[in-house]
Amino acid sequence: MKSDSRTASDQSARERIRCSLQENFIVEAAAGTGKTSELVRRIVAVLQNGLTTVGRIAAVTFTRKAAGELKLRLRQELDRARRESNEATQNRNLETAIAQLEEASVGTIHSFCADILRERPVEAGIDPGFEELSEDQAPRLFERAFGEWIENKLNDPPAGLRRALSRSMSGYAGDKLSPLDRIKEAGWKLAERRDFPKPWRREPFEREKEMDGLVGSASELAEKSSQCKKPADELFKALRPARDLAGRIQRAERERRRDYDELEGLLLTLLRELKRNQKKGKGFFAPGVDRETVLKARENLISGLEEFKVKADADLAALLKAELHGLIQRYEELKARSGALDFVDLLIRARDLVRDHQGIRLYFQQRFSHIFVDEFQDTDPLQAEILLLLSSDDPEERDWRNVRPVPGKLFLVGDPKQSIYRFRRADVLLYLEVKEALMRAGVRLLHLSQSFRALPAIQQLVNAAFESEINGVPARSGKPPQHYCPSGTTALWGLQRHQRGYRQLSSGYSGSVHPLAG
């Protein structure tokens, strides 16, 4: 969002976009710099100079609305270029492009993948007349799959499902979702990431032993707290959850054995309540009980509960990942029965088609002579893999990391500061990784810095306020920026799970499960 007084440098970048048509570019441009306009002008320049035809262009953007606007702007720019051109050959090229504009592949990545699959359904292993499920239809079909799956599971729930239900029923979830809705939500998030098939490794975890120790610590803290005879004391009030938990456990264990699944939820609820109110109070606390001793006991209990939560969340996530496989399988069966593909299916099937079939990969590499991508910072791993494979100058290459694009074929526009679709698997780390790989392969990086939207004074104020994060990568106490790619991140049970280890764009997980902050 920085304004740059070096207009000549910015203008030079814009001229390279429009004139250096045999070079591949990644263009980074903040909001208001006219990056989409420059993408449109480059498409027009390619057509005007006869380097390709409309039918061999693929222009991809993120939303249907943006795709419609892109096509409209392309038509307007073609009309403008035709009016201003005085060269006969260029005029003919522009007139042909305008006449054939409806043949252009301008749309979302999902519509692009659907078109590819409809051309080669047999090789893709799909119904030639497949139906594309909308963003509304897919969740409804998944809900049907969930209903059938959960009905069979509730009579004898497996360990992970039982623990998850117990957590919610103990009040741990802390929101308005029912226990079953929480399970369904976790299943849907896994369904959207089903292209990462490797299992999560469960780390050794003495769950019951650790809970016994925490119950003992909580009971000791409750006992110390109960010595206070001043109901208005801030520390006494803050420790009420510990006293309530101790009393609840004592009453329950007089009637039955300790239920560790229920207890897990109670302990995590206790952690939340203790962290919510950490008032210390002041002065005399209780006869024989020093306030500092109680504060230290509370601090130790919170620390122990937090450590337990990390382990318990990772252990539960690994269990659910395995147990929810049957739900995902049922969802797949319902789609197959109706000949339907959801958005993730379109990406997976198209990726598999161009990656695993050299002849088909060559066909589409020749079919699309130029690939333009707007809002590339919102591209997810599968999308990036498809687009890079189609831009390769080597039809035998099937690994996106080794792709060297055909000169002039690839043009990407993005702004890492505007990467906002992480919930749809996009992540700024992927953008940065792809950018670095392409630059190693000879793709040029350009920057557009001249904003046409904001006044310089406003830009300077914003730049000063957000200096530490202006590069789109959050600062973390002076440490190197950390981002988590969707290929290694899954939200389960309202928490983030990060799968560390060797990361590939779409070949699956490896390593162990580590939770991020919930």
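The values are calculated or read from the model by the stated rules, or taken from the named source; none is laboratory data. Because the structure is predicted, anything quoted here is derived from the model rather than measured. Positions of Cβ are backbone-derived with ideal geometry, glycine not excepted, and every protein chain shown enters the neighbour counts.
Conditions tested, residue by residue: (1) in a loop (DSSP other than H, G, I, E, B); (2) in contact (Cβ under 8 Å) with a residue 60 or more places away in the chain.
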position	(1), (2)
46	no, yes
50	yes, no
60	no, yes
66	no, yes
93	no, no
106	no, no
111	no, no
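Residues that are surrounded by fewer than 14 Cβ atoms within 10 Å (Cβ to Cβ), under 41 Å from the mean Cα position of the chain (by Cα), of a type in the set (Lys, Arg) and at pLDDT below 95 within region 200-239 are absent altogether. Criterion applied to 258, 254, 243 was being of a type in the set (Lys, Arg), at pLDDT below 95 and not in a helix (DSSP H, G or I), and the one residue passing it is 258. Out of 308, 376, 368, one residue alone is modelled with pLDDT of 95 or more, more than 28 Å from residue 148 (Cβ to Cβ) and assigned by TED's automatic domain parsing to the domain that holds residue 30. It is 368. Residue pairs whose Cβ atoms lie under 9 Å apart, separated by 6 or more positions or on different chains, with the first residue in region 142-158 and closer than 10 Å to residue 331 by Cβ and the second of a type in the set (D, E, K, R) and at pLDDT below 95, are 142/184; 143/184; 146/184.
Answer yes or no: is there a residue in region 33-47 that is at positive phi and assigned by TED's automatic domain parsing to the domain that holds residue 448. Yes; the residues of region 33-47 include at least one that is at positive phi and assigned by TED's automatic domain parsing to the domain that holds residue 448. When each of 116, 126 is tested for being part of a loop (DSSP other than H, G, I, E, B) and assigned by TED's automatic domain parsing to the domain that holds residue 75, the lone residue that passes is 126. Residues that are farther than 27 Å from residue 71 by Cβ, over 23 Å from the mean Cα position of the chain (by Cα) and not hydroxyl-bearing (Ser, Thr, Tyr) within region 322-360 comprise 326, 330, 333, 334, 335, 336, 337, 339, 356, 357, 358, 359, listed in sequence order. Condition check: buried (at least 24 other Cβ atoms within 10 Å of the Cβ), in the same structural domain as residue 31 (by TED's automatic domain parsing) and on the phi < 0 side of the Ramachandran plot. Does residue 394 satisfy that? When the stated conditions are applied, residue 394 does not pass them.
Out of region 352-378, which residues are within 20 Å of residue 132 (Cα to Cα) and buried (at least 23 other Cβ atoms within 10 Å of the Cβ)?
The answer is 353, 354.
Checking each residue of region 269-285 against the condition of being assigned to a helix (DSSP H, G or I), out of contact with any helix residue (DSSP H, G or I) (no Cβ under 9 Å at 6 or more places or on another chain) and closer than 30 Å to residue 157 by Cα gives no match.
For residue 361, the criteria (1) in contact (Cβ under 8 Å) with a residue 40 or more places away in the chain; (2) among the basic types (Lys, Arg); (3) touching a Ser or Thr at 6+ places or on another chain (Cβ under 9 Å) hold in every case but one, which is (1). Filtering region 82-91 to residues that are surrounded by 13 or more Cβ atoms within 10 Å (Cβ to Cβ) and either of a type in the set (D, E, K, R) or within 39 Å of the chain's Cα centre (by Cα) (or both) leaves only 82.
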